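The values are calculated or read from the model by the stated rules, or taken from the named source; none is laboratory data. Model, not experiment: these values are computed from the prediction. Backbone-built Cβ (ideal geometry, glycine too); neighbour counts: all protein chains shown.
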Amino acid sequence: MTRLWNDPADFADEMIEGFVAANARSVRRVPGGVVRSTVVPEGQVVVVVGGGSGHYPAFGGLVGQGLAHGAAMGNLFASPSTQQVYAVAKAADRGAGVFFSYGNYAGDVLNFDAAQERLRAEGIPAQTVTVTDDIFSAASAEKHKRRGIAGDLTVFRAAAAAAEAGYDLDEVTRVAALANERTRSFGVAFTGCTLPGAPAPLFTVPEGRMAIGLGIHGEPGVDETGIPTADELAALLVDRLLAEVPDGVAVAGARVVPILNGLGSLKYEEMFVVYRRIAELLTEAGAVIVDPHVGEYCTSFDMAGTSLTLFWLDEELERLWDTPVDAPAYRRGSVVAAAQAVAVEITAAEDLIVPGDEESQSIAQHVRAALEVIVRTIDDNVDELGRIDSIAGDGDHGIGMQRGSHAALAAGTAAVEAGAGAQTALQRAADAWADRAGGTSGALWGVILNAVASHLGDLGSPDAAALAAGVADGVRGVQTYGKAEVGDKTMVDALVPFTTTLTAALDDGSRLVDAWTSAAAAATRAAQASADLLPRMGRARTHGEHAIGTPDPGAFSFALITTALGDLLADASTSSATQGAGSATPDNR
């Protein structure tokens with residue numbers, strides 16, 4: 001278990017600060033993560049990697065000469081936000097384009113893709129290769145759905161070496177895609193990991209048992225078996241990986257880089273015992289071992305486990321693999337030290353708030369009250385949301401929702417106190433939620449709240465139809481952004497019944513409070529029914545039947561929030577009836 005922290009909510013930020021302080025010769029802090037502190041030539045493609053914190057040395061530890069130019073570093077086990085990814089890419093850019101690479105997880109894809117589109121809109125070329133090395137997370141026929149684990153290293157290193165060699169953006173992308181296609185990984189675990197401040201591990205493995213096919217975000221394994229001997233484990237890892245060799249590779253005579261990765265608590269001595277047999281088995285199969293790696297390259301806090309990655313080289317990949325590297329946590333060969341760059345402080349442009357009119361400022365007060373209700377609801381249920389997510393996800397949903405909602409309340413309150421109208425107040429809250437929470441839920445709540453805000457306006461008082469239209473736009477935005485449909489076991493399973501019921505009830509002449517209450521009840525029923533679904537999207541997808549019986553965390557939290565907001569509307573309606581028109585709320589006008 002993790003033992004040392006101050007406030008768990010500050011852990012990731014304080015960890016990054018300490019990492020930078022200890023490695024100033026290689027990295028410097030920028031909004032959203034780190035970039036190289038050394039000079040990067042103008043006209044060089046920059047490689048920006050990233051993901052959630054908790055996987056050191058991934059991702060910041062891999063920033064340095066010969067490797068990544070920057071790393072977007074999200075909160076614990078949560079993808080960096082769109083703004084974080086964009087800010088790191090802008091700080092790293094040297095005029096030849098930005099290449100992104102990261103593990104294939106829903107939140108990372110959402111946020112990195114959004115940042116990529118933002119860069120392209122500004123005329124900065126950007127391309128991406130997601131890492132999909134984990135053979136246990138999807139069938140070979142659906143390799144594009146696989147998640148990225150320790151194979152991140154091979155793709156990052158190949159892309160960065162190509163950039164250092166002067167390849168253009170298209171060629172860097174080609175090399176990275178080739179490296180990804182020639183990388184396969186498979187992992188096991190003996191215990192789960194515990195996030196700072198959490199009372200228990202994200203998952204447990206029965207005494208004397210081993211989880212097979214685990215993820216690096218605390219996702220439990222897909223299968224389970226008795227703990228083997230070191231040699232038996234080596235055979236399991238090698239046999240599974242040799243059963244799926246990349247197209248065009250014949251094992252006999254093939255040159256391969258084996259990477260035995262520790263996940264946080266497994267001792268090096270144990271891994272050396274396992275690697276001894278791995279080397280024997282690969283040699284017996286006729287493979288030629290090149291530059292073997294045994295150590296920690298992509299961890300999962302204190303998880304006791306290991307994964308084996310096989311990187312099958314060709315002539316070009318081997319030449320690039322020999323590129324010298326000097327990063328805080330990864331060094332290979334001899335690097336001619338680059339000069340330290342002159343850090344240019346990045347300051348945010350002053351963003352003044354144009355006050356709303358009196359009516360809209362009154363509605364903005366209700367926006368703040370709604371945000372307060374959301375914060376209380378999440379705080380009261382954070383442990384349960386984490387528990388559900390540890391079964392049907394990766395255990396961080398409660399923490400992420402807590403970070404996002406608190407940030408939204410702070411930003412919304414500051415806007416209201418500055419005289420903002422309803423639209424501006426909610427937009428500020430939405431952006432803060434997405435940026436602070438990161439991950440899939442952060443991105444999607446940012447989409448929802450921004451859509452609702454766009455229908456509130458900063459002048460006058462919106463009617464109930466405008467609110468319903470905003471919700472409907474938010475639902476469409478989530479489906480467009482996240483690509484999920486009803487039945488995929490995601491937040492969408494609760495979103496669609498909510499907006500459908502809300503709009504239909506208002507069209508039938510119901511009061512907003514009654515329509516909202518009915519819609520919240522529909523969302524609650526749908527969230528509960530999601531327990532019977534087999535997940536088809538997101539991190540829960542790899543859990544398969546293990547997720548049946550547990551509702552989707554995103555749908556569940558959405559139902560909790562809409563129910564609590566319905567209670568707030570009921571209280572406001574009662575107050576308006578007793579006090580007159582002095583307290584404006586969206587109504588049926």
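Filter the range 283-305 for residues that are surrounded by 23 or more Cβ atoms within 10 Å (Cβ to Cβ) and aliphatic (A, V, I, L, M); which is farthest from ALA189 (Cα to Cα)?
Filtering the range 283-305 for residues that are surrounded by 23 or more Cβ atoms within 10 Å (Cβ to Cβ) and aliphatic (A, V, I, L, M), the one farthest from ALA189 (Cα to Cα) comes out as ALA287.
Does any residue in the range 6-32 that is free of Cβ contacts under 8 Å to residues at least 12 places away in the same chain come within less than 8 Å, Cβ to Cβ, of a residue that is in a helix (DSSP H, G or I) six or more places away or on a different chain, and which pairs are these?
Final answer for the pair search is ASN6/GLU14.
Quick one: in the range 173-213, of everything that is under 24 Å from the mean Cα position of the chain (by Cα) and among the β-branched types (Val, Ile, Thr), which residue is modelled with the lowest pLDDT?
The selected residue is THR204.
Looking at the range 53-69, is at least one residue out of contact with any Pro (no Cβ under 8 Å at 6 or more places or on another chain), among the polar types (S, T, N, Q) and part of a loop (DSSP other than H, G, I, E, B)?
Checked against the condition, which is being out of contact with any Pro (no Cβ under 8 Å at 6 or more places or on another chain), among the polar types (S, T, N, Q) and part of a loop (DSSP other than H, G, I, E, B), the range 53-69 yields no hits at all.
Looking only at residues in the range 493-525 that are without any contact (Cβ under 8 Å) to a residue 60 or more places away in the chain and β-branched (Val, Ile, Thr), which one is surrounded by the fewest Cβ atoms within 10 Å (Cβ to Cβ)?
THR500
Quick grid of which residues meet (1) assigned to a loop (DSSP other than H, G, I, E, B); (2) buried (at least 24 other Cβ atoms within 10 Å of the Cβ); (3) of a type in the set (Val, Ile, Thr):
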{"position": "LEU178", "(1), (2), (3)": "no, no, no"}
{"position": "ARG184", "(1), (2), (3)": "no, yes, no"}
{"position": "LEU202", "(1), (2), (3)": "yes, yes, no"}
{"position": "ALA211", "(1), (2), (3)": "no, yes, no"}
{"position": "ILE216", "(1), (2), (3)": "yes, yes, yes"}
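Could you give every pair whose Cβ atoms fall below 6 Å, whose first residue belongs to the range 145-167 and is of a type in the set (S, T, N, Q), and whose second residue is assigned to a helix (DSSP H, G or I), counting only separations of at least 6 or pairs across chains?
THR154/ALA179
If the Cβ limit is 8 Å and pairs must be 6+ apart or interchain, which residue in the range 262-273 that is more than 17 Å from ALA235 (Cβ to Cβ) pairs with which residue that is modelled with pLDDT of 95 or more and part of a helix (DSSP H, G or I)?
GLY262/TYR268; GLY262/MET271
Using the structure shown, decide if PHE99 is under 26 Å from ASP322 (Cβ atoms), in contact with a Leu (Cβ under 8 Å, 6 or more places away or on another chain) and either of a type outside the set (Lys, Arg) or in a strand (DSSP E or B) (or both).
When the stated conditions are applied, PHE99 passes them.
Across the range 65-106, what is the number of residues that are among the aromatic types (Phe, Trp, Tyr) and more than 9 Å from the chain's Cα centre (by Cα)?
4
Return the only residue of ALA425, ALA418, ALA408, ALA364 being touching a Phe, Trp or Tyr at 6+ places or on another chain (Cβ under 8 Å) and over 20 Å from PHE77 (Cβ atoms).
ALA408
Looking at the range 64-87, is at least one residue assigned by TED's automatic domain parsing to the domain that holds HIS217, at pLDDT 95 or above, surrounded by fewer than 24 Cβ atoms within 10 Å (Cβ to Cβ) and of a type in the set (Val, Ile, Thr)?
No, the range 64-87 contains no residue that is assigned by TED's automatic domain parsing to the domain that holds HIS217, at pLDDT 95 or above, surrounded by fewer than 24 Cβ atoms within 10 Å (Cβ to Cβ) and of a type in the set (Val, Ile, Thr).
How do the pairs read when you match residues in the range 400-417 that are farther than 12 Å from VAL382 by Cβ and in contact (Cβ under 8 Å) with a residue 60 or more places away in the chain with residues anywhere that are surrounded by 21 or more Cβ atoms within 10 Å (Cβ to Cβ) and among the polar types (S, T, N, Q), using Cβ under 7 Å and keeping only pairs 6 or more apart or on different chains?
Qualifying pairs under 7 Å: ALA415/THR424.
Output yes when any residue across the range 460-471 is surrounded by 23 or more Cβ atoms within 10 Å (Cβ to Cβ) and among the hydroxyl-bearing types (Ser, Thr, Tyr), and no when none is.
Looking for residues that are surrounded by 23 or more Cβ atoms within 10 Å (Cβ to Cβ) and among the hydroxyl-bearing types (Ser, Thr, Tyr), one finds none in the range 460-471, hence no.
Could you check, for the range 126-144, whether at least one of its residues is in a helix (DSSP H, G or I), of a type in the set (Asp, Glu) and modelled with pLDDT of 95 or more?
no
Does ALA420 qualify as being buried (at least 23 other Cβ atoms within 10 Å of the Cβ) and either more than 22 Å from ILE378 (Cα to Cα) or among the small types (Gly, Ala, Ser) (or both)?
In short, yes.
Which residue is nearest to THR194 (Cα to Cα), if the candidates are limited to the range 279-310 and must be in contact with a Gly (Cβ under 8 Å, 6 or more places away or on another chain) and charged (D, E, K, R)?
Per the stated criteria, the residue is ASP302.
Look at THR323 and say whether it is in the same structural domain as ALA570 (by TED's automatic domain parsing), surrounded by fewer than 23 Cβ atoms within 10 Å (Cβ to Cβ) and touching a residue at least 60 places away in the same chain (Cβ under 8 Å).
No; evaluated as a whole, the condition is false for this residue.
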